[in-house]
1. Could you work out [θ]222 nm for the chain from helices alone, using -39500 (n - 2.57) per DSSP H run of at least four and dividing by all its residues? Round to the nearest 500 deg cm²/dmol.
2. For segment 71-163, take the convex hull of the Cα atoms, compute a quarter of its surface area, and give me that in nm², please.
3. Roughly how far apart, in whole Å, are the Cα centres of segment 96-163 and segment 52-70?
4. Can you give me the Rg/Rh ratio for segment 1-55, using Cα atoms for both radii and the Kirkwood formula for Rh?
5. Take the alpha-carbon positions of the chain, form their convex hull, and give its projected area averaged over all directions (one quarter of the hull surface) in nm².
6. Counting every Cα pair in segment 82-135, what percent are over 13 Å apart?
7. Are there any chymotrypsin sites (Phe, Trp or Tyr not before Pro) in segment 55-163 that are in a DSSP loop and have at most 14 other Cβ atoms within 10 Å? List them by number.
8. Send over a whole-number figure in Å² for the accessible area per residue of the chain, probe 1.4 Å.
Amino acid sequence: MRGAGLRQGCVDGLYWLLLYAGFWALFAEGGGWSFGLPAVFMACALSLWLGIRPWRLRLSVLPGFVWFFLVNMFTGAWDVARRAAHPGCPLQPEWVEYPLAESSERVRILLSALVGLLPGTLASQIEGSRMQLHVLDGGQPWQATVADLEARLIRLVDGGSAR
């Protein structure tokens, strides 16, 4: 059992190391490694010390998720641009509550982050089984889009079961 735990720790460490190094390379545009490398190792060590398990994504679900997200992001951005260019377009900004279907913290955190990337919506907080959202137009069918995004995240992130 000890060997299996050590092997899992090494796999987890490699995952975190590659993930944090990838983030550093992306955000620092491939530079600053004299500061970035120690930061990557410290972040990796902290993740292991805290016992944070890596997320397992279902790669077979990823293309459909990315397509759904990009289509909704584009159509939402087009709608926001149209409303900005034509002041006569109706706006009904309001705060709404979305009942969360999933109890997994991973899915909830990703949902709150990703819903804010879709134009016209912004998540503000999660309380219990409800997420507070600000929507640009409460008359639009925002519930169906958020529900579809949540369902796709559940399928993408290890079935939503990992915490």
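1. Numbers: 5 runs with 94 residues, N = 163.
When only DSSP H runs of four or more count, the value is -19500 deg cm²/dmol.
2. Numbers: hull surface 22.7 nm².
If you wrap the Cα atoms of segment 71-163 in a convex hull and average its projections, you get 5.7 nm².
3. If we compute the Cα centre of each part, the gap is 15 Å.
4. Working: Rg = 12.4 Å, Rh = 11.7 Å.
Computed over Cα atoms, the ratio is 1.06.
5. Working: hull surface 49.4 nm².
If I average the Cα hull's projected area over directions, I get 12.3 nm².
6. On the way: 871 of 1431 pairs.
Roughly 61 percent, rounded to a whole number.
7. Numbers: sites: Trp55, Phe65, Trp67, Phe68, Phe69, Phe74, Trp78, Trp95, Trp142; in loops: Trp55.
Of the chymotrypsin sites (Phe, Trp or Tyr not before Pro), the ones in loops of segment 55-163 whose Cβ has at most 14 other Cβ atoms within 10 Å are Trp55.
8. Using a 1.4 Å probe on heavy atoms only, each residue of the chain averages 63 Å².
The values are calculated or read from the model by the stated rules, or taken from the named source; none is laboratory data. Predicted model, so just to flag it, every value in this text is computed and none were measured. When we count neighbours, we look across all protein chains shown, and the Cβ atoms used for this are built from the backbone with ideal geometry, even at glycine. Keep in mind that these areas ignore ligands, DNA and RNA; they rest on the heavy atoms of the full protein, side chains included. Shrake-Rupley method; radii C 1.70, N 1.55, O 1.52, S 1.80 Å.
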